[in-house]
1. Take the cross-link list K177/K208; K150/K208; K150/K197 and give me the ones stretching past 27 Å between alpha-carbons.
2. So for the pair K9, D193, with labels modelled 7 Å out along Cα→Cβ, what separation do we get in nm?
3. How would S200, S40 line up from fewest to most surrounding beta-carbon atoms within 10 angstrom?
Amino acid sequence: MAELKQIIKDLEFQQNYVGNMFLKPPENNFSRVNLFGEISQLSEFTADSLYLFYEFILPVGWKIDNENSYSLIYKHEKIKQENLNRLKSISQTSTGYINDKSFSFFKSKEYSFFRGNDIKNLETLTHNFSLPFELELLGHNSILNTITPKLLIQINSVDWWERHRIEGYSYINIPIKTGHISLDLPCFKPKEDTYMKIFSYFLGGSRKIPEL
């Protein structure tokens, strides 16, 4: 009887020591990738208040590590409702400030023809966000370093009349490697005709890139 009690005590000690909260290793031909990142700031924008949307696009062969619930390989994962906030989000509104240490086209002598009477409206601003994101993914080893997830960013402005405009787009193919990486991303904006510029100035709104 004493032996049985000791065996039970040893088993309980081992279970408490090891625990049961460890994730199972990925299935064959998959690797687990953990992304921890931050969208720190935007610069070279003239709008006073900016906010942004971001979204991760998972190509075929990638999927969310949803508590070891795996989907079939080489099929698009059907994103569940609880996974939406993992792949896309919206930031707070950031008020810009003039950063004398950053380069500005409007301060450069080479671009002095941009200068006008109202120089305040031509100053480019820096907007701090410090917006963190975290994503746990599974990637198939055959495409792990060749076809990677994309991060899409849409930058919007809002003025004191509550008029919202798209100020730019940016994207990046997520580099899959260990360590800390700091990247500066360029932004672009679709060209607008005169009608759209007038509409945007008075009512807000901008020309959007069509969704795929």
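1. Numbers: K177/K208 33 Å; K150/K208 19 Å; K150/K197 30 Å.
From K177/K208; K150/K208; K150/K197, over 27 Å: K177/K208; K150/K197.
2. 8.6 nm
3. S40, S200
A short reminder: the numbers here are calculations on the coordinates, not readings from a lab. Since this is a predicted model, take the numbers as computed values, not measurements. Reconstructed Cβ throughout: ideal geometry from the backbone, glycine too, with neighbour counts over all protein chains shown.
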